[in-house]
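Here's the structure, in structure tokens; my notes come after.
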Amino acid sequence: MISETDLQFSDLKVVVLAGGVGGAKMVVGFDRVLRPDNLSVIVNTGDDFKHFGLNICPDIDSVCYALAGISNKTYGWGLEGETWQVANALEELGAPTWFQLGDRDLATHLERTRLLGGGKRLSEVVKLLAHRMGIQSKLFPMSDQSAPTMIETKQGSILSFQDYLVRLGAEPEVKRIILEGEGHALPLPEAIHAIEDSDFIVIAPSNPWVSIDPILTLPGMKDVLIKKPVYAVSSIIQGKALKGPAAKMFTELGIEPSSKAVMEHYREVLDYFVHDLTEVELKKSDIPASIKTLQYQTIMNDENDKVALAESISLHFLQNRSVQ
């Protein structure tokens, strides 16, 4: 039997800003809670790059594979049951294999590159491939224009994000993060419309610097976000990131890695900040008057956890709306 609360959940229109594994997990939770077509996901494209002449979109693929139920359950990226014959053959030929391309994953990149080469916009390609994967939620790249994220290291080099993260294992110390899309890449109009038409926005527990900032710094993006209730889920739990170099980046940029630091990072657009139940409650003196804090289980080990977090945020919104 479907309860009245379930119906209220499913009727909500939600936009999630996402990137990386944490973003993909959050998206799955809302996809399972909402009616088909009521979830819109705006995905970071700052990680996108070319490899072997192919257009690779790591965050878009992570979100698509997760929503389609085919992502690798151990790593959170790539495909479950993947094979590596092409990668092994490339290694035998002495080709660069620092960015691993699985055989089935390679098919995604080949088809994306073919479609883009035929004149389609990235947003059109994302919509088409998502439909072919059976995904009903709406997926939008943050922009149809190139907006690469670059890392300036304390050693003086400037690296593409995948060079920094994958090829060098996020080892170089970060001096500055350069968002090359800032000021000239335009947000996707359909994504802006989705925000305007939504009930509330969720900033997923993704890396604030390299997964969410590329979206937030697009022209006009913050202006449209501040008109809606915005929830952010902390990507830092007890001073550590569950996955990826977020905590390391905070430290190297001179900021103590903490949920408080994540809240401060999003302060300009934020209404509600969600951090994990295992953390000490934030001091009232540390919380801006414009922000309310919530504590839920934010570690998403399985689909039940993902759904529970999405439901908790949705229920809070419904209760808060009923009070107003």
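The values are calculated or read from the model by the stated rules, or taken from the named source; none is laboratory data. Source: prediction; values computed, not measured. FYI the Cβ positions are ideal-geometry reconstructions off the backbone, even for glycines, and counts take in every protein chain you see. Heavy atoms of the whole protein, side chains included, go into the accessibility calculation; ligands, DNA and RNA do not. Shrake-Rupley method; radii C 1.70, N 1.55, O 1.52, S 1.80 Å.
Screening Ile60 against (1) touching a residue at least 40 places away in the same chain (Cβ under 8 Å); (2) in a strand (DSSP E or B) leaves a single unmet condition, (2).
Scanning region 72-102 for residues that are more than 24 Å from the chain's Cα centre (by Cα) and either part of a loop (DSSP other than H, G, I, E, B) or of a type in the set (D, E, K, R) (or both) yields Thr83, Trp84, Glu91, Glu92, Leu93, Gly94, Ala95, Pro96, Thr97.
Residues that are among the β-branched types (Val, Ile, Thr) and surrounded by 14 or more Cβ atoms within 10 Å (Cβ to Cβ) were ranked within region 62-114; the one that is farthest from His131 (Cα to Cα) is Thr97. Scanning region 141-169 for residues that are under 22 Å from Asn55 (Cα atoms) and open to solvent by less than 30 Å² (accessible area, probe 1.4 Å) turns up Pro141, Met142, Ser143, Ala147, Thr149, Ile151, Leu159, Phe161, Gln162, Tyr164.
Within region 256-265, if we keep just the residues that are surrounded by 21 or more Cβ atoms within 10 Å (Cβ to Cβ) and either among the small types (Gly, Ala, Ser) or in contact (Cβ under 8 Å) with a residue 60 or more places away in the chain (or both), the residue that is nearest to Ser235 (Cα to Cα) turns out to be Ser259.
Here's the yes/no breakdown for (1) more than 23 Å from Tyr75 (Cα to Cα); (2) open to solvent by 30 Å² or more (accessible area, probe 1.4 Å); (3) small (Gly, Ala, Ser):
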{"site": "Ala232", "(1), (2), (3)": "yes, no, yes"}
{"site": "Ala247", "(1), (2), (3)": "no, no, yes"}
{"site": "Tyr272", "(1), (2), (3)": "yes, no, no"}
{"site": "Thr293", "(1), (2), (3)": "yes, yes, no"}
{"site": "Ala308", "(1), (2), (3)": "no, yes, yes"}
